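Comments concern the structure below.
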Amino acid sequence: MLFAGRSLFGFAVLGFGFVGLAYVDFLNSLQPVPAWLPAYAMLAALNGVALTAAGLAILTGRKVRPAALAVALFFAACIVFLHVPSAFTQPALLRSPWWIRTFESVALIGGAATLAALGGSPTPEPWIRGGRRAFGLALPVFGILHLVYGEGTASLVPPWYPAPLFWAYFTGVAQIVGGLAIAFGVWPRLAAALAGLMYGSWGVTLHVPRVWCQLWGPCDFLDVPGGFDAARGGITSMFVAFGMCGAAWLVAGGFARAGGGKSGGPARQSDGPAQPVRAALRPDSGGHPDRTDPAR
């Protein structure tokens with residue numbers, strides 16, 4: 001699971017970099033950089049190059065810890081210097097967009113912090129604990145928005161899903177329950193693994209078809225605005241979904257392997273000593289530090 005999580009997270013960061021370079025712009029919604037910024041295009045291109053380099057480092061398993069730390073600090077800086085000020089300068093965003101873009105950044109920070117902890121030696125337990133809590137506490141925010149804006153969420157569900165309003169509310173509740181379980185250590189590995197499966201399924205069944213139809217449509221089965229410019233937000237959302245999936249699986253793999261609690265039981269794991277190893281981030285280990293781990 002750790003290898004899959006690292007690969008998906010690296011793929012997402014690499015995708016963010018490609019988006020920045022393709023559009024010569026900062027990331028849609030995740031980086032609300034003001035257009036008046038001097039040398040905007042040059043800085044946007046450098047931003048894309050930095051994200052591409054970090055994504056490649058994570059994806060290839062080289063310099064994982066510094067690359068993951070850079071990603072965590074990058075999104076933290078976006079929150080401090082872009083998202084927090086925008087809550088005061090653009091209060092209308094507080095109805096929904098601000099919460100989505102800010103807490104997507106928080107969740108990605110959680111995944112990056114966990115990956116940084118697992119990507120080197122020694123393994124800092126506070127990084128794993130902080131990453132898990134950041135990721136877990138972000139999920140209920142998304143869940144509440146699903147419940148408050150159920151109709152709007154349902155409108156984004158593709159036609160091959162029956163009862164879209166049900167899925168909007170169901171996934172809202174799932175994110176609230178799962179996030180709290182991850183943050184407070186109640187069946188945390190199972191909750192994180194299932195959260196990753198949910199976000200990954202969204203990436204494959206919701207976002208990939210949407211982006212395909214926007215770039216190479218029109219599609220008879222999905223009515224979305226087409227064109228390269230129109231696809232920008234959808235492409236970014238697709239990589240966010242895969243990044244959330246990777247972050248969730250990194251969090252699941254980062255829980256303690258000894259000293260209490262398994263994914264199938266209610267015992268708490270939240271503060272036990274973590275025992276991940278760097279080998280678990282390689283494909284030959286199957287993503288599991290302990291091949292006898294019953295959570296496998």
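Each row is one residue, and each column tells you yes or no for (1) at pLDDT below 95; (2) among the aliphatic types (A, V, I, L, M); (3) crowded, with 17+ Cβ neighbours inside 10 Å.
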{"site": "Gly136", "(1), (2), (3)": "no, no, yes"}
{"site": "Pro140", "(1), (2), (3)": "no, no, yes"}
{"site": "Pro162", "(1), (2), (3)": "yes, no, no"}
{"site": "Phe166", "(1), (2), (3)": "no, no, no"}
{"site": "Ile176", "(1), (2), (3)": "no, yes, yes"}
{"site": "Gly196", "(1), (2), (3)": "no, no, yes"}
{"site": "Gly203", "(1), (2), (3)": "no, no, yes"}
{"site": "Pro209", "(1), (2), (3)": "yes, no, yes"}
Discussion item. Name the residue that is modelled with the highest pLDDT, counting only residues in region 211-232 that are in a helix (DSSP H, G or I) and exposed (fewer than 15 other Cβ atoms within 10 Å of the Cβ).
Written reply: Leu215
Practice prompt. Of the numbered conditions (1) buried (at least 20 other Cβ atoms within 10 Å of the Cβ); (2) without any contact (Cβ under 8 Å) to a residue 40 or more places away in the chain, Val84 fails exactly one; give the number of that condition.
Written response: (1)
Practice prompt. Mind listing whichever residues of region 26-44 are assigned to a helix (DSSP H, G or I) and under 18 Å from Asp229 (Cβ atoms)?
Written response: Tyr40, Ala41, Ala44
Practice prompt. Using the structure shown, decide if Gly120 is surrounded by fewer than 24 Cβ atoms within 10 Å (Cβ to Cβ) and free of Cβ contacts under 8 Å to residues at least 60 places away in the same chain.
Written response: no
Practice prompt. Any chance you could count how many residues in region 182-192 are surrounded by fewer than 21 Cβ atoms within 10 Å (Cβ to Cβ) and either basic (Lys, Arg) or assigned to a helix (DSSP H, G or I) (or both)?
Written response: 2
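The values are calculated or read from the model by the stated rules, or taken from the named source; none is laboratory data. The structure displayed is predicted, hence computed values, not measured ones. So basically every Cβ, Gly included, is an ideal-geometry build from the backbone, and we count neighbours across all protein chains shown.
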